[in-house]
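Structure first, commentary second.
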Amino acid sequence: MRHRFLEPALLAGMSDITLVAKTVVDGFIAGLHRSPDFGFSQEFAEYRPYTPGDDLRYVDWNVFARTERAYLKRYRGETNTMVTVLLDASASMGFGSHSVKKIDYARYLAASISYLALNQRDACGMIVFDDEIRQFVQPKSRQGQLARLLHAVENAEPGKRTDYDKPFFHFQQYQFRRGVAIIISDFYADPELIVKTIEPLRYRGNEVIMFHILDPEELHPKFREPVVLIDMETQDSLEVSPDYANTEYKQKIDAHIEKLGSKARGAGLDYHVVNTGQPLDESMRQYFKIREGRF
């Protein structure tokens, strides 16, 4: 049966962010079919038959109840990963050409990642920022952590300008063991400056993932007549013609994405462009399938 992707407009109609996260993650996992590898821990490997002397703690009793045969879950190693989501809530994230603004899509993604990480028994935390740290939830895996994380997500609203220095410096102050840093942003800054600022997050062996959130109109503008564009962070204005949007602007945004991706990969950072017009579970699946192939 064909899997039905979760359109952004459908998610926007859900008032409960917990329901959004669960729905997206369930859809994402279902789309991976029978693959055992997804998420951040990459811990499950396979089943094998029980043999005398094996530790009974690793028997899958649900399988035994169905088949009356004992199988053990084999793991690549318990990981206890620390996952930190850094969510950009600057003014430019308030843009949207359709039913879901960039900040909405970013909030859904942050909530889904938090739900997925905690379901894997990883510690998960969050930093919401613009030019200041607006909210901080320290990474933990204990009961009640999901509620704390989703409260931070629900209260993330477009603020002022983006300043990557403060949240990333703050991240390094408490990250005392290896983990995963996930940055969700529209990355409207010079690619060299962005990567130079983000790269230190890899210290102590941290893995860094960049989700570049862009609206369909930012990727493929469709102007039929001249329009005045206003920078949501600086309030600067610029009159743009359809010819400019379809030629010079398109070349500039493509070059920005290409340069940012190249610089990020060169620094050992994961980089993934996310179109807010695309179903969220499909976006997650595309990234994690790429990730799965590296393990």
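Values in this text are rule-based calculations from the coordinates and carry no lab data. The structure presented is a predicted model; accordingly, all values stated were derived computationally and were not measured. Cβ: placed from backbone, ideal geometry, glycine included. Neighbour counts: every protein chain shown.
All other residues with a Cβ under 13 Å from the Cβ of residue 20 taken together, and with Lys, Arg as +1 and Asp, Glu as -1, what is their net charge?
Details: positive: 22, 107; negative: 7, 16, 26, 104, 154, 281.
Summing Lys/Arg as +1 and Asp/Glu as -1 gives -4.
Ranked by the mean number of other Cβ atoms within 10 Å of their residues, highest first, the peptides 195-203, 108-116 fall in the order 108-116, 195-203. Oblate is the label for region 94-134, because a/c, from the alpha-carbon gyration tensor with a ≥ b ≥ c as root eigenvalues, is 1.5 or above and a/b does not exceed b/c. Residues whose amide H comes within less than 5 Å of that of residue 7, counting only those at least five positions distant or on another chain, are absent (H built at 1.01 Å from N in the peptide plane). Taking 22 Å as R0, compute the FRET efficiency from the Cβ-Cβ separation of residue 174 and residue 258 and round it to 0.05. Computed FRET efficiency for residue 174 and residue 258: 0.05.
Here the simple spin-label model places points 7 Å from the Cα toward Cβ, and for residue 163 and residue 70 these points are separated by 6.1 nm.
Report relative contact order for region 82-292 in percent, whole number only (criteria: Cα-Cα under 8 Å, sequence separation at least 6).
Numbers: 366 pairs, mean separation 47.4, N = 211.
For region 82-292, the relative contact order is 22 percent.
Residues whose amide H comes within less than 5 Å of that of residue 180, counting only those at least five positions distant or on another chain, are 82, 83, 84, 207 (H built at 1.01 Å from N in the peptide plane). Computed extension gain for residue 138 through residue 56, at 0.36 nm per residue and net of the alpha carbon distance, reaches 26.0 nm. Karplus-derived 3J(HN,Hα) values for region 129-136, using 6.51 cos²θ - 1.76 cosθ + 1.60 with θ = phi - 60°, are 8, 10, 8, 9, 7, 8, 8, 9 Hz; glycine and proline are entered as x. Coupling constants for region 196-208 follow from the phi torsions by the Karplus curve (6.51 cos²θ - 1.76 cosθ + 1.60, θ = phi - 60°), and in residue order they are 4, 6, 7, 3, x, 5, 7, 4, 6, x, 5, 9, 10 Hz; glycine and proline get x.
Give 160/263; 166/289; 160/222; 140/289; 22/252; 140/259 a once-over and call out the pairs whose C-alpha atoms are over 29 Å from each other. Can you show the working numbers first?
Working: 160/263 26 Å; 166/289 32 Å; 160/222 27 Å; 140/289 26 Å; 22/252 37 Å; 140/259 35 Å.
Pairs exceeding the cut-off: 166/289; 22/252; 140/259.
Hey, could you get me the Stokes-Einstein D for region 82-292, Kirkwood radius over alpha-carbon pairs, 4 °C and 1.567 mPa s, rounded to whole µm² s⁻¹? Before the final figure, lay out each step's value.
On the way: Rh = 17.6 Å.
D = 73 µm²/s.
Can you give the local net charge around residue 167? Use residues other than it whose beta-carbon is closer than 11 angstrom to its beta-carbon, Lys and Arg +1, Asp and Glu -1.
Numbers: positive: 134, 166; negative: 88, 130, 131, 132, 163, 165.
Combined, the nearby Lys, Arg, Asp and Glu give -4.
What is the sum of charges around residue 253, taking Lys and Arg as +1, Asp and Glu as -1, for the other residues whose C-beta is under 13 Å from the C-beta of residue 253? Intermediate values should be presented prior to the final figure.
On the way: positive: 250, 252, 259; negative: 186, 215, 217, 218, 248, 254, 258.
Spelling it out: positives minus negatives among the neighbours equals -4.
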